[in-house]
Amino acid sequence: MATTWLRTSLTLAPTSARGMATLKDIETRLKSVRSIKKITSSMKMVSAAKFTRAEKSLKPARVYGAGANSLYEKNDFSSGDDKLFVAISSDRGLCGGIHSGLGRTFKAMHAENPIKKMIIVGDKAKAILVKTVGDAYLCTFNNVGKKQSSFTDALNIAEEILAHDFDSADVVFNNYINVVSYKPTIKPVPSATNIESNDAVYTYDEVDSEVVRCFQEFSLANIIHHALKEQEASEQSARMNAMENATRNAGEMIDKLQLQYNRTRQAVITRELIEIISGANALD
């Protein structure tokens, strides 16, 4: 009976080869982190330019928004049981926790009183709120945040809101405070029926239902336009800060990796010198 012997050969990598492989890995990480730093730095500059334009366009929008909302703030309107919620967000990310903060606001409201009707503006808010409100949302708007919003965009959203029956509508958006802070804000908008039932509307002049309806449509469009501008300024400032933090973190990581690379390279060189000297002494 013949026995077949199998010989296996093991190839042991020399110490220097292992060291060089480690150096190569560190060098690859350094290259990738440097590329990420360039991208985040460029995104920061782009966001800074967009933020300047957004902040500039926010100032006139605030004037119209405050004027449209003055009647609702100075008078008490019945909110009713049939409430419609409008979430103002965008489609773009990489801007810190601006979208998740809006989602937490809605989750808190939903836990207190379940949301039955909702209109979502922006895919980011949709992705967060769909799990919370389920099928309660009536429609969604996308392609938001890719370019500056206009009054036409606000009109389209307002027309969709008015196409549904409600007692009052709550417009929820991020209110821009300064470069480093923003706050989720709720603007209530009563229905045309609630406006007509308030005696304060007839203090100075008699108005009919058509005038009230036209006023509500125009004021709602102004409030939506103001909310879109507030959201844009908040988003661009948040993205600018997020990219600045990412660039700074990438710089710190590059410094640590460079230090690790230098130490590893020095260790490899020292080890190779020891091997050469040991081999020379052995020959003597």
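The values are calculated or read from the model by the stated rules, or taken from the named source; none is laboratory data. Bear in mind the structure is a predicted one, so any value in this text is a computation, not a measurement. Counting neighbours? That spans all protein chains shown, and the Cβs are built from the backbone with ideal geometry, glycine included. These accessible areas exclude ligands, DNA and RNA; they are computed on the full protein's heavy atoms, side chains included. Shrake-Rupley method; radii C 1.70, N 1.55, O 1.52, S 1.80 Å.
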Cut-off 10 angstrom, C-alpha nodes, Gaussian network model of the chain. Which of Gly101, Gly65, Gly134 fluctuates the most?
Gly134
For a quick check of understanding: with a 1.4 angstrom probe and all protein chains in place, what accessible area in square angstrom does Glu27 have, to the nearest ten?
100
If you roll a 1.4 angstrom probe over the protein chains with everything in place, what fraction of the accessible area of the chain belongs to carbon and sulfur, to the nearest %?
55
The stretch 94-166 versus the stretch 227-273: alpha-carbon centroid distance in Å:
34
Okay, helix-only estimate at 222 nm for the chain: each DSSP H run of n ≥ 4 adds -39500 (n - 2.57), divide by all residues, round to 500 deg cm²/dmol; what do you get?
-22500 deg cm²/dmol
Using the Cβ atoms and a cut-off under 15 Å, what net charge is assigned to the surroundings of Pro114, where Lys and Arg are +1 and Asp and Glu are -1?
0
In a GNM of the chain with a 10 Å cut-off on Cα contacts, which of Ile274, Ile88, Ile36 has the highest mean-square fluctuation?
Ile274
Apply the Karplus parameterisation 6.51 cos²θ - 1.76 cosθ + 1.60, with θ equal to phi minus 60°, to every residue of the stretch 128-138 and state each ³J(HN,Hα) to the nearest whole Hz, in sequence, with x for glycine and proline.
7, 8, 4, 6, 7, 8, x, 8, 6, 7, 8
Starting at the first residue of the stretch 157-166, write each ³J(HN,Hα) from the Karplus equation 6.51 cos²θ - 1.76 cosθ + 1.60 with θ = phi - 60°, in whole Hz, x for Gly and Pro.
5, 5, 4, 5, 5, 6, 6, 10, 7, 7
I'd like the accessible area for Arg62, computed on protein heavy atoms only with a 1.4 Å probe and all protein chains in place. Round to 10 Å², please.
90
For the stretch 116-207, dividing by residue count, accessible area per residue (probe 1.4 Å) in Å² works out to 54
Top mean-square fluctuation among Arg248, Arg34, Arg263, Gaussian network model of the chain, C-alpha springs under 10 Å?
Arg263
Per DSSP, loop trypsin sites (Lys or Arg not before Pro) in the stretch 70-156 with at most 16 further Cβ within 10 Å:
Arg92, Lys116, Lys146, Lys147
